[in-house]
1. If I take every Cα pair under 8 Å that is 6 or more residues apart in the chain, average their sequence separation and divide by the length, what percent do I get for the relative contact order?
2. To the nearest 0.05, what FRET efficiency results for Val146 and Asp50 with a Förster distance of 30 Å applied to their C-beta separation?
3. Given points 7 Å out from each Cα along the Cα-Cβ axis, report the Arg98 to Glu112 separation in nanometres with one decimal.
4. Mean separation of Cα pairs under 8 Å and 6+ residues apart, divided by the residue count of the range 69-148: what relative contact order is that in percent?
5. Charges at C-beta only: +1 for Lys and Arg, -1 for Asp and Glu. How large is the resulting dipole of the chain about its Cα centre, in Debye rounded to 20?
6. Report the label-to-label distance for Ala10 and Gln134 in nanometres (one decimal), using points 7 Å from each Cα along the Cα→Cβ vector.
7. State, to one decimal in nm, how far the label point of Gln79 lies from the label point of Asp26, with both points 7 Å from Cα in the Cβ direction.
8. Report, in deg cm²/dmol and to the nearest 500, the calculated mean residue ellipticity at 222 nm for the chain, where each DSSP H run with n ≥ 4 adds -39500 (n - 2.57) and the sum is divided by the residue count.
Amino acid sequence: MSRLRPMRLADVPAVMVLEEELFAPDTWTAAMYREELAQTGTRHYLVAEDADAVVGYAGLIAYADEAHVATIGVTGSRQGEGIGAQLLDALLAEADRRRSPVVLLEVRADNELAQGLYRRRGFAEIGRRPRYYQPSGTDAVVMERVRA
């Protein structure tokens, strides 16, 4: 299993390689990640590392009334090993630590594997956002986890 640690500015180039691999053409930019990492009060970003290589990453945006899973990605060659679940569990633990009553996320409508992981962690579909991912125009499924 990979080791999780906080994402640092020095990780952004490695994260951008994964971002291109996984999410092109709908990628975040390096500037977006730098901006997210600067907002330490409401952001919680992690990387999954194996032999000093970044093999996955994830981010949480947490406010007093709700939290949002901003991103989760695992390099294709390591998918299916539980790294995504490990990252998601760490984000959910942080949301719980911050006492966020609701955790929301958007996931590509065509990403059935990720939707299954989210359902297994207590998320349910609450809506759709047409053409949410740009520039591809792919729809997003909006999912929510309500803490018991």
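1. 20 percent
2. It comes out at approximately 0.35.
3. Here the answer is 3.3 nm between the modelled labels.
4. Relative contact order comes out at 29 percent.
5. With Lys and Arg at +1 and Asp and Glu at -1, about 480 debye.
6. Distance between label points: 3.6 nm.
7. Rounded to a tenth, the inter-label distance reads 1.3 nm.
8. Taken over the chain, the calculation gives -9500 deg cm²/dmol.
The values are calculated or read from the model by the stated rules, or taken from the named source; none is laboratory data. Since the model is a prediction, treat every value here as computed from it, not as a measurement. Glycine also receives a Cβ, built like all others from the backbone with ideal geometry; neighbour counts cover every protein chain displayed. When the accessible area is computed, the model is the full protein with side chains, heavy atoms only, and any ligands, DNA or RNA have been set aside. Shrake-Rupley method; radii C 1.70, N 1.55, O 1.52, S 1.80 Å.
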